[in-house]
Amino acid sequence: MSSLRNSATVSVIGDQPAAIDPTGFASLTAAFRMAVVLLFGMALVHAAASRSPAADINEPRRLAASGDYEEALELVTKAIEDNVYGEDWRVLKAELEMTLGRYPTARATLESAVEKYAWSIRLRWQLRDAARFTGDPELAEAQSAAITQLVEASPWRFTDADNLITLGWIALEIGADAREVQEAFFKRAERNNPRHAEPILALANLALEKRDFALAAEKFTKAAESFPDNPDVHYGLAAALFSSDPQAAGEALEQALTCNPRHAPSLLLQADRLIDGERYDDAEFSLNQVLDVNPKHPAALAYWSALAHLKSDHETETALRDEALSTWSTNPEVDYLIGRELSQKYRFAEGAAHQRQALEFDPDYLPARKQLAEDLLRLGKEDEGWRLADEAFEADGYDVAMYNLLALREELERFETTERDGVILRMDARESAVYGRQVHNLLQEAREKLCEKYQLELTEPVTVEIFPQPDDFAVRTFGMPGVSGYLGVCFGNVITANSPAAQLNPSNWEAVLWHEFAHVVTLNLTQNKMPRWLSEGISVYEERRQNPAWGERMNPAYREMILGGELTPIGELSGAFLSPKSSLHVQFAYYQSSIVVEYLIDQFGFDSLLSILNDLREGVYINDAIERHTAPLAQLEPAFAEFARAEAESLAPNVDWDEPHLAPLLADSQGGDAIEEWIGNNPANLRGLVQYARFLMQRERFADARPILEQAVELYPEQTGPDSPLRLLGEVLRELGETEEERSVLTRLAAIDADATPVFLRLIELEAERENWDAVRDNAQRMRAVNPLVAAPHRALAESGEPLNNLEEAADAWQSLIALGPADPAEAHYRLADLLWRLEQPAEARREVMLSLEAAPRFRDAQKLLLKIVRSDSSEEAKVSESPSP
């Protein structure tokens, strides 16, 4: 059963998950529950008109929304000094003072206001926050109690939109059921005042808080149509979209900052994205903009503290954290944000430590509990991680990520778990039986080779989880389904990967796991203190070192990008992974990172790379580490760019790369001579040759296509993929019946294209006819490395094993065929039994031959083998009985 989780399944609007308490407000105080009943159950209660005072309050509100906080505050202060009536003025004044970091002033404003408007729950809710930020937790607690008493005494006062929204957030904080809060407070507020932005924002922010990003994006998009100048709307849309559509999210964020260039939530989100892309100077600029408004802004200081940690400036890190806590010494958000930023940089152990500190400040702070659960699971500390996930879901049953994670656990419990040589492998039980042994073999080889090369001793087991359902992989890796484009991810000592079953066109799983295990090595070596580009670059480089057909290599697209000036400076390479223009640009970022690594090793030696990695472990900043062991970046950047251009220019140097524009000639049925003339005039135009060859093949003019493709092969024999001249030439030769030449061409292609499954299958067929069993074995292994879930490679390995005297490999192949469900189970079990008997495994041979006879009781060869096994057993028993007693 798939663990695909449509976000609507657990939406606060959708049906309630079975695990969620249906009693609603069970966690509210008795007094508050009574107030809710009075408020929403009595037929006499009707929606009150908006309590907004005179319309002139709109001007300071407009100024505040555009970031003119000081001017707005002046207007509001003057109006209050002129004895303007209404709580809204005091609410706005305190909000502006809090925004500007004037916490004592805000507290004084609110204490004065609640004396005049003692019934105002909005003012008291603000006073609670002001009291926290002025070091008075007792006053903060008193406000919560006072609000409960006010609602119980006079529920009719609080039916306008603003008060309903305030009541809703209060109810959520004290543990009310989110769906009931949505219905009873936020939707009621929307009905009472459909033209008011706040109810729509409350509904959208509730979805965002529950990580129902699809629902949040839908609501923020709708809100943006009605409130295009509201920065909170555009910020919310950006936050909802970043995981699914980074480009649209960036546009929404830009719009928010256009509405209000000083909008703190948007600037913090911008800083978060810049930190993720390792654009630390730009992130500091965004954080400075927040601190220019509020020098005590705890979130901005927390982000900056995390930045200092990433730069290994621990003195500044501590000072900034202390400053963030200076106004509210037990603010759990500070350590939660620091820890979350570190975890986003794969510093899970350090991130988890901050989440534990946040929970010491407030054991009920759910964001920290959720993040800690995810961190621990990525660290392989599963017992505590799953326990915390259970606790988080029990406290908040509408969090989409937690719901999906716990649903995934049910799938994981059905997986087959095997452990060997320091690797814990979890796979679907059927897939484990088919190729789990090969996965272990590959990981063992990767561990031995890479650990020795990088001088690393792994002291803890590495967990590898391979998922047949792509959404299960996405949930385990990213916390939500629907995230595509990743074959595998490494967190340090935990690898997650998509199985071939999860891919429409499977990629080479051996290359993927080798790549990820290289991450295990480098992340352990540096204690996760390395930029993404270097980690990815080493992994791709090590793929190519292990098998030249693996990994990214120079190709026409990359050549064009390099010569077109699209190289990213080395110091900014991690950002190329964050906001790529296209999927091609993501792949190019992997390739460029790998040739940077290759260049550093070629120019300065492998020991220089090891020294860089060792420096990173000690906390040296990447650019400093590179300069210490290679050359100054000012010299390195242009030298590398020259190297990359030389690599690009050396790709098929005799090819004319111009676009041929042959479509008009090919469309003209009478244009044969013109095409021939064009080919004659442009004999090196690779694209033109391939297009013309395809044109001829479609018309079954294979003899005419052959010389064209031979010409293309001579120009660029290393090209892989669907436009490979070698691939097309192989097809033509097959049609012409030139089997020997076809075999030769396909053999060349198989050596350079690790994903060419049709080529591997054809070569298995051709080499088996020639009884070239070594070649059959090679191509069967290549095929199995791409798609082990089809029978062909296993049957080829089984058939080639015996003539090559690889009996163990043949037996292994028959086991895989049996796990796949063979067409003739009697034959498969018999062949396996015969091999096991010859490998001197009589007990296992007896079991398999019995299964063969169970499928076909009259199978004579199986009967004979069973008789042989029984006689051998009897002989052994006789020997035992004849041996003298001790």
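The values are calculated or read from the model by the stated rules, or taken from the named source; none is laboratory data. Computed from a prediction, not measured in an experiment: that's the story for all the values here. Positions of Cβ are backbone-derived with ideal geometry, glycine not excepted, and every protein chain shown enters the neighbour counts. The area values use the complete protein model at the heavy-atom level, side chains included, leaving out ligands, DNA and RNA. Shrake-Rupley method; radii C 1.70, N 1.55, O 1.52, S 1.80 Å.
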Please calculate how many Å² of accessible area the chain carries per residue, with a 1.4 Å probe and no DNA, RNA or ligand atoms counted. 44 Å²
Quick one: which of LYS381/LYS529; LYS219/LYS370; LYS210/LYS345; LYS453/LYS581; LYS219/LYS381 span more than 28 angstrom between C-alpha atoms? LYS453/LYS581; LYS219/LYS381
Explain nothing, just the number: relative contact order of the chain, from Cα pairs under 8 Å at least 6 residues apart, as a whole percent. 7 percent
Using unit Cβ charges (K, R positive; D, E negative) and no other charged atoms, how large, in debye to the nearest 20, is the dipole of segment 88-213 about its Cα centre? 280 debye
On the accessible surface of segment 592-671, probed at 1.4 Å, how many percent belong to carbon and sulfur atoms? 45 percent
Which GluC sites (Glu not before Pro) does segment 780-882 hold that lie in a coil by DSSP with at most 12 other beta carbons within 10 Å? GLU840
Given the whole protein assembly as supplied and a 1.4 Å probe, what does the accessible area of CYS259 come to in Å², nearest 10? 20 Å²
Report the label-to-label distance for GLN149 and GLU413 in nanometres (one decimal), using points 7 Å from each Cα along the Cα→Cβ vector. 4.8 nm
For an R0 of 41 angstrom, estimate the FRET efficiency from the Cβ-Cβ distance between GLU445 and ASP281 and round to the nearest 0.05. 0.45
Modelled FRET efficiency - R0 60 Å, ARG871 with GLU618, Cβ distances, 0.05 increments: 0.30
Length gained, SER329-SER226, 0.36 nm per residue minus C-alpha separation, equals 33.1 nm
Quote the FRET efficiency, to the nearest 0.05, computed for GLU718 versus ASP607 with a Förster distance R0 of 30 Å and r equal to the Cβ-Cβ distance. 0.45
Using a cut-off of under 13 Å, list every residue of segment 678-692 whose amide N is near the label point 7 Å from the Cα of ASN654 along the Cα-to-beta-carbon line. 683-686
Once you sort the root eigenvalues of the Cα gyration tensor of segment 412-516 as a ≥ b ≥ c, which label holds: rounded (a/c under 1.5), prolate (a/b larger than b/c) or oblate (the other case)? prolate
Dipole in debye (nearest 20) - segment 547-701, about Cα centre, beta carbon charges: Lys, Arg +1; Asp, Glu -1: 440 debye
With θ taken as phi - 60° and the coefficients 6.51, -1.76 and 1.60, list the Karplus ³J(HN,Hα) couplings across segment 76-87 in order, rounded to whole Hz; mark glycine and proline as x. 5, 4, 5, 4, 5, 4, 8, 6, 5, 8, x, 5
Quick check: residue separation of ASP774 and ASN547 times 0.36 nm, minus the Cα distance between them. What number comes out in nm? 79.9 nm
Kindly write out, for segment 141-156 in residue order, the coupling ³J(HN,Hα) from the Karplus curve 6.51 cos²θ - 1.76 cosθ + 1.60 (θ = phi - 60°), rounded to whole Hz, with x marking Gly and Pro. 4, 4, 5, 4, 5, 5, 4, 4, 5, 5, 5, 5, 6, 9, x, 5
Among the lysines, which fall within straight-line cross-link reach of LYS78, defined as a Cα-Cα distance under 18 Å, with same-chain neighbours fewer than 8 residues apart omitted? LYS93, LYS116
Can you tell me the length gained on complete extension of the stretch ALA703 to GLN247, counting 0.36 nm per residue apart and subtracting the Cα distance? 159.3 nm
Counting only protein heavy atoms and using a 1.4 Å probe, what share of the accessible area of segment 318-451 belongs to carbon plus sulfur, as a whole percent? 46 percent
Solvent-accessible area of TRP328, probe 1.4 Å, all protein chains present, reported in Å² to the nearest ten, please. 50 Å²
Using only protein heavy atoms and a 1.4 Å probe, report how much of ASP778 is accessible, in Å² to the nearest 10. 70 Å²
Sorted by chain and then number, the residues having a modelled amide H within less than 5 Å of the amide H of VAL464, at least 5 places away or on another chain, are ILE424, LEU425, ARG426, ILE495
